[in-house]
Amino acid sequence: MHLAAHFPGVNNTTVWADPRSRSQIEFSSFEHLARTAERGKFDFFFLAEGLRLREHNGRVHDLDVVGRPESLTVLNALAAVTEKLGLAATVNATFNEPYELARRLATLDHLSAGRAAWNVVTSSDAFTGENFRRGGYLDRADRYTRAAEFVATARELWDSWTPDGTSRPFTHEGPQFTISGEFTVPRSPQGHPVVIQAGDSDEGREFAASAADIIFTRHGTLEAGRTFYADVKARLATYGRQPDSLKIMPGVTVVTGDTDAEAQENAAEIRRQQVSPQNAILTAEQIWGTDLSAYDPDGPLPDIDPVPDSEITQGRVRHGDPFAIVARWRALAEAKGLSLRQTVIETTTRQSFIGSPATVAAELTTFVDERAADGFILVPHLTPGGLDDFVDRVVPLLQESGAFRSEYTGSTLRSHLGLPEPVWKG
């Protein structure tokens with residue numbers, strides 16, 4: 001299996017109140033997690049991106065007050081303190097330009113000796129767009145159209161240098177970009193940086209099948225994972241690709257203990273920390289789309305209907321029909337006798353794998369053996385030590401069983417993933 005580490009940034013899985021939680025800005029936090037991932041022989045280290053501080057009810061969202069450092073800058077620094085670990089940056093294809101970004105990614109690939117990856121994300125959010133000259137100009141339906149041409153253009157730029165180090169002029173003319181000139185960075189050690197696509201939508205799956213090396217997804221059960229896996233792998237043939245050319249890696253959380261029972265207790269405590277009374281109200285407000293400060297988080301769910309198309313939260317995508325979500329929450333709360341806070345805990349923060357190290361190792365292996373995933377991107381709940389226990393206690397069991405590598409056998413990220421160097425298309 002393949003393993004990656006996601007830096008636990010500004011999100012509701014992070015436990016800020018834990019005394020072991022450290023800075024989201026200081027380089028030592030990034031270095032600790034990256035070194036831990038490399039000690040565990042992980043494939044890559046993965047950073048998210050935020051282009052604007054989110055707002056809720058007209059104020060900066062509590063989970064964003066620490067800010068979000070720029071991914072490629074951090075990874076360039078990490079290239080100097082790691083040797084084998086892949087370095088993946090999330091960079092938006094909506095608010096960047098192919099030449100400039102292709103150059104930055106190629107530079108990271110050279111500085112890291114072939115370990116760079118690009119997680120391609122898109123945005124149709126006008127709120128985020130206000131930070132940029134073009135604003136929210138891009139219709140939601142066009143975001144993957146631009147992204148697909150963006151990735152293709154970047155690859156044209158990377159291929160404008162021959163494998164033997166000769167620069168050739170490039171010209172690209174398309175609906176999204178018309179550029180020409182000469183690229184300044186020679187072909188990188190792994191040919192092209194690895195391309196990651198994050199998304200579960202039909203558009204995202206098709207884009208991944210056509211253009212990505214990894215798809216970062218989420219699914220909560222073995223059966224859901226198998227369905228997703230089969231669907232995405234089946235799409236590859238349309239683009240002349242083999243099943244192994246795209247790695248499916250869901251984001252997961254892991255909680256361990258000496259026994260399965262202790263792990264369940266640890267997970268329950270983590271959930272309570274993740275969903276404070278204040279965060280329970282905030283989460284509910286995102287669903288209902290209105291101010292719920294008058295409600296008791298330890299009382300019943302709000303007895304009002306949600307507000308459709310509410311803008312109470314800016315910079316965060318609302319997932320699904322709020323009326324359907326509210327209906328599910330009410331049914332769950334009634335069936336189990338849950339308060340508002342307990343309902344939020346039950347529905348929003350359940351860990352993916354909980355158990356003793358042996359139980360977790362076995363379940364991870366089952367997901368790969370049953371073709372529900374090719375590997376996992378671990379999202380710990382603590383910064384920066386949240387990966388330590390997994391690397392110390394679970395990874396050795398995966399190595400002993402032969403499910404995971406004991407040593408790196410190559411030097412580039414493509415070699416870790418078993419991906420061939422792309423054929424030069426000069």
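Relative contact order for the chain using alpha-carbon pairs under 8 Å, separation at least 6, rounded to a whole percent?
Over the chain, the number comes to 24 percent.
Check cross-link reach from residue 247 to the lysines: straight Cα distance under 17 Å, and skip same-chain residues fewer than eight apart.
Partners found: 233.
Please list, in order along segment 278-289, the HN-Hα scalar couplings obtained from phi with the Karplus expression 6.51 cos²θ - 1.76 cosθ + 1.60 (θ = phi - 60°), rounded to whole Hz, x for Gly and Pro.
5, 5, 5, 5, 4, 5, 5, 5, 5, 7, 6, x
Please list the non-local residues whose amide H lies under 5 Å from the amide H of residue 87, H modeled 1.01 Å from N, same-chain partners needing a gap of 5 or more.
When sequence neighbours closer than 5 places are left aside, the close amide H contacts are 45, 116, 117.
Relative contact order, percent, of segment 204-335 when contacts are C-alpha pairs under 8 Å separated by at least 6 residues? Numbers along the way, then the final one.
Working: 103 pairs, mean separation 22.3, N = 132.
Answer for segment 204-335 is 17 percent.
Could you tell me how far the Cα centroid of segment 219-256 sits from the Cα centroid of segment 343-421, in Å?
15 Å
With both bridge residues required to lie in the chain, what share of the DSSP beta bridges run antiparallel, to the nearest 5%?
Counting only bridges with both partners in the chain, antiparallel ones make up about 25 percent.
By average Cβ neighbour count within 10 Å, what is the ranking of 176-183, 155-162, 275-282 from highest down?
Highest to lowest by the protection proxy: 155-162, 275-282, 176-183.
With every protein chain kept in place and ligands, DNA and RNA left out, what is the accessible area per residue of the chain? Probe 1.4 Å, answer in Å².
Heavy-atom SASA per residue in the chain reads 44 Å².
Amide H to amide H, which residues 5 or more places from residue 2 or on other chains are under 5 Å from it, using H placed in the peptide plane?
Placed amide hydrogens put 375, 376 under 5 Å from residue 2.
Can you compute 3J(HN,Hα) from phi for each residue in segment 36-50, using the Karplus curve 6.51 cos²θ - 1.76 cosθ + 1.60 with θ = phi - 60°, rounded to whole Hz and x for Gly and Pro?
3J(HN,Hα) across segment 36-50, in whole Hz: 5, 4, 5, 4, x, 6, 5, 5, 7, 10, 10, 10, 7, 9, x.
Taking amide hydrogens as modeled 1.01 Å from N in the peptide plane, which residues meet the under 5 Å criterion relative to residue 198, leaving out close sequence neighbours?
Here the answer is 120, 216, since their amide H atoms fall under 5 Å of that of residue 198.
Kindly write out, for segment 147-152 in residue order, the coupling ³J(HN,Hα) from the Karplus curve 6.51 cos²θ - 1.76 cosθ + 1.60 (θ = phi - 60°), rounded to whole Hz, with x marking Gly and Pro.
Each residue of segment 147-152 in turn: 4, 4, 6, 4, 5, 4 Hz.
Starting from the Cα of residue 336, draw a straight line to each of the aspartates and glutamates and keep only those under 17 Å, dropping any in the same chain fewer than 8 residues away.
Reachable aspartates and glutamates: 298, 346.
Using a 1.4 Å probe on the protein heavy atoms only, what accessible surface does residue 233 show? Give it in Å² to the nearest 10.
Only protein atoms counted, so the area is about 30 Å².
Can you give me the % of accessible surface on the chain that is carbon or sulfur? Probe 1.4 Å, all protein chains present, nothing else counted. Please list the in-between numbers first.
Working: 9300 of 18570 Å².
Whole-percent figure for carbon plus sulfur exposure: 50.
The values are calculated or read from the model by the stated rules, or taken from the named source; none is laboratory data. The structure displayed is predicted, hence computed values, not measured ones. Using ideal geometry, Cβ is built from the backbone for each residue, glycine included, and neighbour counts are taken over all protein chains shown. Keep in mind that these areas ignore ligands, DNA and RNA; they rest on the heavy atoms of the full protein, side chains included. Shrake-Rupley method; radii C 1.70, N 1.55, O 1.52, S 1.80 Å.
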